[in-house]
Amino acid sequence: MNLYRHIDKNVVQFDFLTLSLGRGIYEEEAKSMGAHVFHIEPFTRRPVQNMFARKRFFKERRYEIVEIHASSPLRYAYARIAKGVGTRMVIFHGHTARPGKKNFFHRYAEKQVAKYSNFKVACSRMAGEWIFGGDQYFVVPNAIDLEQFSFQNSGRQSVRQELSIDSEVVVGSVGRLVSEKNPLFLVEVFEKLREVWPHAVLLFAGEGELHQKLDAVVNSRGLSGCVHFLGDRSDVAAVLSAMDIFVMPSLYEGLSIAAVEAQASGLHCFFSSNVPRETAFSESAQFIPLSANPQTWANVIVSQYSPKRIDCLGEMRNRGYDINVAAEWMQELYLGGAHPFSLHSGNNSSENPYDDPKGTSND
């Protein structure tokens, strides 16, 4: 959606195929810009229906370009079907990196992605190596509208007033409330932070299957008055401006857009060591191992925190995270096959501006 909002829709137009029968939060916005949005059931829920639906979709629509956004190479079937009906360009776009060894099916799927894709793209080198193995791929930044997410004092005051927050230190996270984001661990870290900052507040922006469990844990620990569940928000930039500290203890990430947005807002950011180092744009971004206990996380956060926000917008532009630049690059790729991105292959890569994150590690 970030790309779609900024690409020249007189030249390139998107349609969306979603693996869900429910209406998504961006659906009406996409339609208002000329997109068609199609729904089919995911393979994991109804595999037979999914197989027939995806074949029928590509056969009937016959798109010139198909871009597949995936969290693993196992979605290669969409590339194979698209190629089978004559699609000129298939782009396989990887968004996730997971720890652990790859099984036989994963390795097989990597070869199928290579066979049926014209271009392989990843949001980070960690994601590229997870999804494409030793094959070549391009790293394309998860770019954002940097100006939109830069710090806004008006947004800060508006959200804090809404939540009746005064001068308290506000810790926050933006993302789905699901196990891979590790939100229960964040509650434990926050509980330790309250021992140092007794009036601190925690914000969760996002929804997910763990909401009810999180709410129960917060209540059982006596934190209900200082933890706010904001749900899905359309004013994420203002919510980030209301925060002082951003914490992401994820079990795995490709390259989190929320982490990029948080740094554009100037927040002090603390990531798990399973988050790609490419996520960091300044020395203030800290990486903490998940093997460390909540007390250690809290100690690092307290010792590194300063109320002064960090300006790293220049570094973010230099490294390709300005959506206006990224939209131009992707448009070139769609129209002619040009690829002004850096090429990678397994653990060996060419020199490029995304390989030298300025963050530090507490491993």
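Pairing residues of segment 203-225 that are not assigned by TED's automatic domain parsing to the domain that holds D235 with residues that are at pLDDT below 95, at Cβ distances under 9 Å and at least 6 apart in sequence or on separate chains, gives no pairs at all.
Per the conditions (1) in contact with a Phe, Trp or Tyr (Cβ under 7 Å, 6 or more places away or on another chain); (2) part of a helix (DSSP H, G or I); (3) surrounded by 18 or more Cβ atoms within 10 Å (Cβ to Cβ); (4) of a type outside the set (S, T, N, Q), the sole criterion not satisfied by F138 is (2). Taking E315 as the residue in question, decide whether it is within 30 Å of M89 (Cβ to Cβ), acidic (D, E) and more than 15 Å from the chain's Cα centre (by Cα). For E315, the condition - within 30 Å of M89 (Cβ to Cβ), acidic (D, E) and more than 15 Å from the chain's Cα centre (by Cα) - is not met. Inside segment 302-335, residues that are assigned to a helix (DSSP H, G or I) and in contact (Cβ under 8 Å) with a residue 12 or more places away in the chain make up a count of 18.
Given the criterion touching a Pro at 6+ places or on another chain (Cβ under 6 Å), closer than 29 Å to L163 by Cβ and of a type in the set (S, T, N, Q), identify the matching residue among S241, S272, S256, S303. The match here is S272. Against the conditions (1) among the hydrophobic types (A, V, I, L, M, F, W, C); (2) surrounded by 15 or more Cβ atoms within 10 Å (Cβ to Cβ); (3) touching a Ser or Thr at 6+ places or on another chain (Cβ under 8 Å), F38 satisfies every one except (2).
Scan segment 7-24 for residues that are under 23 Å from G231 (Cβ atoms) and in a loop (DSSP other than H, G, I, E, B) and report the count. Total satisfying the criteria: 6. Selection of segment 25-74 for residues being more than 23 Å from Y4 (Cα to Cα), assigned to a helix (DSSP H, G or I) and hydrophobic (A, V, I, L, M, F, W, C) yields V48, M51, F52, A53, L74.
Yes/no per residue for (1) assigned by TED's automatic domain parsing to the domain that holds D311; (2) of a type in the set (F, W, Y); (3) crowded, with 16+ Cβ neighbours inside 10 Å:
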| position | (1), (2), (3) |
| --- | --- |
| I91 | no, no, yes |
| H95 | no, no, yes |
| K101 | no, no, no |
| F105 | no, yes, no |
| K111 | no, no, no |
| A114 | no, no, yes |
| A127 | no, no, yes |
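For segment 88-127, taking the residues that are in contact (Cβ under 8 Å) with a residue 60 or more places away in the chain, assigned to a helix (DSSP H, G or I) and out of contact with any helix residue (DSSP H, G or I) (no Cβ under 7 Å at 6 or more places or on another chain), the one that is nearest to Y76 (Cα to Cα) is identified as A127.
Restricting attention to segment 17-27, does a residue exist that is free of Cβ contacts under 8 Å to residues at least 12 places away in the same chain, in contact with a strand residue (DSSP E or B) (Cβ under 6 Å, 6 or more places away or on another chain) and assigned by TED's automatic domain parsing to the domain that holds G128? Checked segment 17-27: at least one residue is free of Cβ contacts under 8 Å to residues at least 12 places away in the same chain, in contact with a strand residue (DSSP E or B) (Cβ under 6 Å, 6 or more places away or on another chain) and assigned by TED's automatic domain parsing to the domain that holds G128. Only a single criterion out of (1) surrounded by 13 or more Cβ atoms within 10 Å (Cβ to Cβ); (2) over 28 Å from A97 (Cα atoms); (3) aromatic (F, W, Y) is not satisfied by Y76, namely (2).
Whether a residue is within 21 Å of the chain's Cα centre (by Cα) and either surrounded by fewer than 16 Cβ atoms within 10 Å (Cβ to Cβ) or at pLDDT 95 or above (or both) was assessed, and I81 does not pass this test. Check segment 184-201 and report whether any residue there is closer than 18 Å to N142 by Cα and crowded, with 20+ Cβ neighbours inside 10 Å. No, that holds for no residue. Considering only residues in segment 277-295 that are touching an Asp or Glu at 6+ places or on another chain (Cβ under 7 Å) and under 21 Å from G314 (Cβ atoms), the one that is surrounded by the most Cβ atoms within 10 Å (Cβ to Cβ) turns out to be F281.
Of the strands (runs of 3 or more DSSP E) that lie entirely inside segment 180-278, not one contains 3 or more residues that are of a type in the set (S, T, Y) and over 28 Å from S154 (Cα atoms).
Inside segment 281-309, residues that are under 18 Å from M243 (Cα atoms), under 21 Å from the mean Cα position of the chain (by Cα) and not hydroxyl-bearing (S, T, Y) make up a count of 2.
Return yes or no: is A326 of a type in the set (A, V, I, L, M) and outside the structural domain of I131 (by TED's automatic domain parsing)? No: the conditions fail for A326.
The values are calculated or read from the model by the stated rules, or taken from the named source; none is laboratory data. Predicted model only: the values in this text are computed from it and were never measured. Note that we place each Cβ from the backbone using ideal geometry, even for glycine, and neighbour counts take in every protein chain shown.
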